[in-house]
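What follows is one structure encoded as structure tokens, with my remarks underneath.
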Amino acid sequence: MVAAPGKRKTDDLIIVDADIHVNDTPAALTPYMTQPWRKSLEVMGGGTSYLNVPGFAPALKLDPPIPGGHPSRSVHTPAEMRQGLDELGIDLGVLFPDNLLLFAVLPNIEYATEISHAYNRWLVEEWLREDNGLYGAIVACPQNPHDSAREIARYAKEDKVVAVYLPTAGVHPLWGDRKYDPILGAAQAANLPVMLHSVTVVTPQFPYQLDQFENHWARQMLSHAFAMQANLVSLMHTGVPARFPELKVGFTEAGIAWVPYMIWRMDKYYNEYRRMIPFLEKRPSEYVRDRMWFATQPIEEPDDPRDLVATIKLYDPDGSRTLYASDWPHHDFDHPKGLLKLPMSPEMQRNIMGASALELFGIPAPVRK
Amino acid sequence: MAEHIIGPVAELPPGSHRVVKVRNLEIGIFNVGGAFYALPNICTHQFGPLCAGTVNGTTACSAATDWRFAWVREGEILTCPWHGMEFDITTGRCLANPKVRVRQYPIAVEDGIVKLTL
Amino acid sequence: MIGELSSAGAGGPTIRPARPGDYAAARALAEVSGFEIPSTLAREASFAEVIAPGGVYIATADLPIGLLIAQPIAYDGDRPYTLWIELIIVHPSWRRRAVGTALYRALGGWARQLGIHGALTARRDEPAADALHRRVGFVAHRDDLLLWRFDE
């Protein structure tokens, strides 16, 4: 197993990264695509930029480039990814797509279905074949839940497939709708956690009306965080935690400070409206504490770091439901050192930096050479 | 602890309830299908007048109902008039947070008279 | 809080949780104070039950001179969640010496430690009782109640 020797003081600490991104260009996926859609990818070719792939998503760039430019990175090979993680001091990581973060907005069901197959095959064949500390989340296809359920069953026994990624940006209806039950049921049967991941997207779906903001800073404030809150509520309001009692759910790329707010709010109105959601047999916060995990990136950066630790403890006293995530190689990635310096107990640190993820993803603890 | 006479059982038929004052504490007296229950008239949530609320049933939805909504426990559930928090009259438990329950005072019928011990 | 009061004045009262053996003295105190005997003091046999949850405090200066009886009216698991102040009495010769405040402070310390939600009592038309309750932190609630929230 790969380590990052000499790179950090806490050498006994296993660092697992719950959210890293591969560059899934149309050119990369082309060989894995069935016809006639391979012909579509051939037309698109390579040379695309992050989150702006025509056909994969609305090619809607609302902002001019940031004056003076802005850092942008993409990772095209496992070796590049391994090198990036080594430099950050990260032992293991779970791969998510880049361009397919916009997957849920694809309107063409046949095309979306085949793209999901191609991505999953490409991921397993090109990224998960070596013992390099890279694990992956296969993409679920909300456009075709029954096919997606079969796809999940197909990969259930792949050792390095450790999660099902639920495309969350622009998904409609939201996760939790009963039409997606086959996907959640298949993930539960495969003992794979489902991971919600969003991205900024301007669509007529939730969180819509982001077009009214004049710049991307504003859209970034709301897009991921609202998507996570809305989908958490959606999962809860159709009784997913009760209907799928073994299903584990992860929330990524929205930070963590929204979690206490939402669990308190859900509990408060559960007091009053319990009759509307009688499938919940306990308070929403208890389901959250039992079977939901939250990835740290983009971690909030209050002036006093003790405030951040206190905030995590509001929903997760020992760090066992919180997952370190870098979001490497994206522009807003979080270096593990930022979290390592937080004032918390060694147990909480061990959990957040890796032990929680090993448990959630069922990854055996790596043995250092 | 002492016994307090609430009244003749005929004045509290099944399905009825009433709030009485015992010394200075208000207590709700409930007849649920012939069995009597006595709870404080103070909700656990924001201390509203719990026993002034309505008594009826509640919804259920689980594997036992084939995941269909059902109406269950008619006459056994008390709903606080302030925020609608539900309590099981027969156990005092809050449905939304079953760890929390209101106190149940001993109450019984003797020679046709309802008597509360408090 | 309790120590503060004990050391404040020479011969000042000590506040402590009630014990089963306090029954006769507590009852005598209620009688001499001119209060209607509450049901919690009606029988010696049930006094141990009354004090078991922990919200009953005695002020003593050799003999008991103050008594506070709080009873749970709701529970969170095995712990009291809401309290009802059934009575607070101070011996006539010890009034206006902050004994009532000290009894409530002891109760408040215990209640906060247990995470108790709040205590309520009936509002009374007595200026001394009213002033005491306002000093402690009770506020008017509903038509005829006073509410003391321990989380404020």
(request) Scale the Cα Rg of segment C:46-132 by the rule-of-thumb value 2.2 N^0.38 Å and send over the ratio, two decimals. (result) 1.10
(message) Counting only helical runs of four or more DSSP H residues, what would the 222 nm mean residue ellipticity of chain C come to if each run contributes -39,500 (n - 2.57) and the total is spread over all its residues?
(response) -10000 deg cm²/dmol
(request) Roll a 1.4 angstrom probe over the protein heavy atoms and tell me the percent of accessible area of chain A that is carbon or sulfur. (result) 54
(request) Select from segment B:63-84 all residues whose loss of accessible area on going from the chain by itself to the full protein assembly reaches 40 Å² or more (probe 1.4 Å). (result) B:TRP67, B:PHE69, B:HIS83
(message) Which three extents, in angstrom, do the Cα atoms of chain A have along their principal axes, listed largest first?
(response) 56, 52, 47
(request) Could you size up the charge dipole of chain A around its Cα centre, putting +1 on the beta carbon of Lys and Arg and -1 on that of Asp and Glu, and report it in debye to the nearest 20? (result) 660
(message) If I model a spin label at A:ALA153 and A:VAL43 as a point 7 Å from the Cα along the Cα→Cβ vector, what separation in nanometres do I get?
(response) 3.5
(message) Tell me the total accessible area that B and C bury against each other, 1.4 angstrom probe, in square angstrom rounded to 100.
(response) 2300
(message) Can you tell me the length gained on complete extension of the stretch A:LYS341 to A:GLU125, counting 0.36 nm per residue apart and subtracting the Cα distance?
(response) 74.1 nm
(request) List the residues of segment C:63-85 whose accessible area drops by at least 50 Å² when all protein chains are present, compared with their chain alone, using a 1.4 Å probe and counting only protein heavy atoms. (result) C:ILE73, C:TYR75, C:TRP84
(request) Would you mind putting B:36-44, A:234-242, A:333-341 in packing order, based on average other-beta-carbon counts within 10 Å, highest first? (result) B:36-44, A:234-242, A:333-341
(request) Given the peptides C:81-93, C:125-137, A:320-332, arrange them by the average over their residues of other C-beta atoms within 10 Å, most packed first. (result) A:320-332, C:81-93, C:125-137
(request) Would you count, across chain A, every pair of lysines whose alpha carbons are under 26 angstrom apart, provided the pair is eight or more residues apart or spans two chains? (result) 25
(request) Would you calculate, for chain A, the mean residue ellipticity at 222 nm contributed by helices, counting each DSSP H stretch of 4 or more residues as -39,500 (n - 2.57) and dividing by all residues, to the nearest 500? (result) -10500 deg cm²/dmol
(message) Could you identify which residue out of A:GLU87, A:GLU272, A:GLU126 has the top mean-square fluctuation in a GNM of chain A using Cα springs shorter than 10 Å?
(response) A:GLU272
(request) Report which residues of segment B:86-103 become buried by 30 Å² or more of accessible surface when going from the isolated chain to the complete set of protein chains (1.4 Å probe; DNA, RNA and ligands ignored). (result) B:GLU86, B:ALA96, B:ASN97, B:LYS99, B:VAL100, B:ARG101, B:ARG103
(message) Can you tell me what percent of all Cα-Cα pairs in segment B:3-117 are more than 25 Å apart?
(response) 23
(message) Would any residue of segment A:324-341 have its amide N under 14 Å from a label point 7 Å out along Cα→Cβ of A:ASP63? List them or say none.
(response) A:331-333
(request) Write down the accessible area per residue of the protein assembly as shown in Å², having rolled a 1.4 Å probe over the full set of protein chains. (result) 43
(request) Calculate the mean, over all residues of peptide A:283-289, of how many other protein chain Cβ atoms lie within 10 angstrom of the residue's Cβ. (result) 1
(message) Give me the base-10 log of I(q)/I(0) for segment C:2-149 at each q in 0.13, 0.17, 0.18, 0.20 Å⁻¹, Debye formula, one uniform scatterer per Cα, rounded to two decimals.
(response) -0.54, -0.97, -1.10, -1.37
(message) Rounded to the nearest percent, how much of the accessible area of segment B:3-117 (1.4 Å probe, protein heavy atoms only) is carbon and sulfur?
(response) 54
(request) Provide a whole-number value for the mean count of partner chain Cβ atoms within 10 Å of the Cβ atoms in peptide A:268-280. (result) 6
(request) Tell me the label-point distance for the pair C:ALA128, C:ASP78, using the 7 Å Cα-to-Cβ offset, in nm and rounded to one decimal. (result) 4.0
(message) Using a 10 Å cut-off around each Cβ of peptide B:47-59, what is the average number of partner chain Cβ atoms that fall inside?
(response) 2
(request) Given the options A:GLU246, A:GLU130, A:GLU214, state which has the largest fluctuation in a GNM of chain A using a 10 Å cut-off (strictly under) for Cα springs. (result) A:GLU214
(message) As a test of the definition: with a 1.4 Å probe, what buried accessible area, both sides summed, do you compute for A against B, in Å² to the nearest 100?
(response) 1400
(request) Give me the distance between the Cα centres of segment B:21-36 and segment A:154-168, rounded to whole Å. (result) 57
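The values are calculated or read from the model by the stated rules, or taken from the named source; none is laboratory data. Given the structure is predicted, the values throughout are model-derived calculations rather than measurements. Glycine also receives a Cβ, built like all others from the backbone with ideal geometry; neighbour counts cover every protein chain displayed. Note: areas computed on protein heavy atoms with side chains; ligands, DNA, RNA excluded. Shrake-Rupley method; radii C 1.70, N 1.55, O 1.52, S 1.80 Å.
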